[in-house]
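Below you'll find the structure, written out as structure tokens, and then a few comments.
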């Protein structure tokens with residue numbers, strides 16, 4: 001998120017906790033020396049002062065300092081310590097410190113974003129730049145609704161780090177700017193990673209079954225039956241964080257019923273979850289449970305445990321985000337043949353072709369409205385959105401960034417290469433469900449844990465799960481304390 005994500009997994013870190021849900025990383029090493037973390041969380045948590053009276057004075061705008069950063073003001077940067085690690089951010093901080101040698105940077109990484117930083121938002125003393133990801137991600141819709149984030153338009157309209165003739169916004173992948181919007185023009189979030197969500201597997205394991213990746217659900221069941229005969233489960237997933245299941249289920253729903261079904265779900269429309277495409281896809285996934293194709297014990301596994309079991313060949317398929325390659329690098333065998341595919345569809349009557357995939361920005365970076373040094377926070381992001389920093393991220397974390405490029409001259413890892421190929425195959429058939437950005441609690445705890453998690457564990461039928469989830473969505477739609485968003 002991946003990014004958001006499982007609680008401790010890279011993906012989860014973005015979306016749910018230690019892990020992260022959302023996004024991919026890969027890129028060529030920049031040749032920068034990583035720097036040790038500056039400062040500690042304790043220092044972060046205790047930094048005092050606040051309110052507008054504590055804001056740093058702006059500096060003089062120049063060609064090399066287009067955002068007018070005060071070159072002596074402290075910058076405080078808190079990163080989610082998830083699947084992408086912290087080295088890429090430390091490298092970018094080093095560039096900031098080189099450009100502003102009189103400015104001190106207080107850098108810290110934590111998995112406990114919400115418990116560490118929410119009190120500081122409430123006190124009016126937030127850091128200047130935050131990677132709001134992981135299982136403890138702060139609810140973005142709430143932050144926007146309470147006017148707690150700064151508009152990043154000045155960053156987007158600033159000259160890009162590499163080419164002053166190009167604005168930052170003109171160097172980004174399609175859809176990144178729009179993802180940071182909630183109600184029209186202001187852009188509140190810069191999604192730094194670019195994640196490919198889908199079904200991840202070992203090409204070696206698939207070859208050993210004399211099988212190809214299944215494009216229809218009958219083919220999926222046949223492959224799972226083959227795997228079962230060889231003592232391998234068809235699927236596993238982050239049972240403790242079942243909001244990973246949508247990484248493949250949601251794009252399947254979009255493939256079967258069309259984008260409008262996903263839009264209706266995002267918009268909290270009445271009966272959106274009762275659409276025939278939703279029912280068909282829930283029935284299909286439930287069949288994996290009913291036929292015994294899910295790894296025994298999966299409902300009790302977290303994202304790391306499920307990924308480890310999968311990497312060890314105990315299960316063939318796992319729904320995940322591209323961060324999984326970096327997050328599981330220590331357990332994926334060298335000859336694994338890591339690959340990702342768009343979700344399997346139902347049959348030839350699906351509205352969208354095979355290859356329809358979910359890909360979107362992950363690792364949401366924000367500059368708080370009450371930051372003391374907002375220009376510094378935006379400048380740090382401008383540095384991170386350079387070609388060199390993007391390549392550094394990609395080569396170190398095996399994921400793409402929001403920067404549209406940054407892979408030239410880099411040897412792509414198997415998962416990254418497969419993700420790029422999946423994007424090429426998808427073409428225009430890329431979907432981007434917004435539920436996990438707009439309504440974090442609804443998506444993770446209610447739809448994920450109480451709905452899908454219970455269904456996939458066999459404790460709810462598909463019909464019961466759909467009714468429960470629709471009721472949750474209706475409650476959210478009627479809740480006046482929640483800020484509501486709609487596709488424009």
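Any read-out appearing in this document is the output of simple, stated calculations on the displayed coordinates, not a laboratory observation. On a predicted model such as this, the values are computed, not experimentally measured, just so you know. Virtual Cβ from ideal backbone geometry, glycine too; neighbours counted across all protein chains shown.
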Legend entry - Relative contact order, percent, the stretch 152-191 [alpha-carbon distance under 8 Å, six or more residues apart]: 35 percent
Legend entry - Inter-probe distance in nm under a simple model that places probes 7 Å from Cα toward Cβ, at residue 291 and residue 421: 2.5 nm
Legend entry - Mean projected area (nm²) of the alpha-carbon convex hull when the stretch 44-177 is viewed from all directions: 8.9 nm²
Legend entry - Burial ordering of 384, 179, fewest other beta-carbon atoms within 10 Å first: 179, 384
Inset, instruction - Mind sorting 324, 69, 431, 142 by how few other Cβ atoms lie within 10 Å of their own Cβ, fewest first? - result: 142, 431, 69, 324
Legend entry - Rough spin-label spacing in nm, given labels placed 7 Å along Cα→Cβ, for residue 167 and residue 98: 2.9 nm
Legend entry - Separation of alpha-carbon centers, the stretch 253-275 and the stretch 74-138, rounded to whole Å: 36 Å
Inset, instruction - With a/c under 1.5 counting as rounded, go ahead and sort the stretch 338-488 into rounded, prolate or oblate using the C-alpha gyration tensor (a ≥ b ≥ c being the square roots of the eigenvalues; past the cut-off, prolate if a/b is larger than b/c, else oblate). - result: oblate
Inset, instruction - Using Cα pairs closer than 8 Å and at least 6 residues apart in sequence, work out the relative contact order for the stretch 311-364, in percent. - result: 29 percent
Inset, instruction - Answer with a single label: of (i) 4, 22, 33, 24, 13, 4, 0; (ii) 4, 18, 27, 28, 18, 5, 0, 0; (iii) 4, 14, 15, 14, 17, 18, 12, 4, 1, which was calculated as P(r) over Cα pairs in 10 Å bins from 0, in percent from the structure in view? - result: (i)
Inset, instruction - Sort 484, 303, 275 so that the residue with the fewest other Cβ atoms within 10 Å of its own Cβ comes first and the one with the most comes last. - result: 484, 275, 303
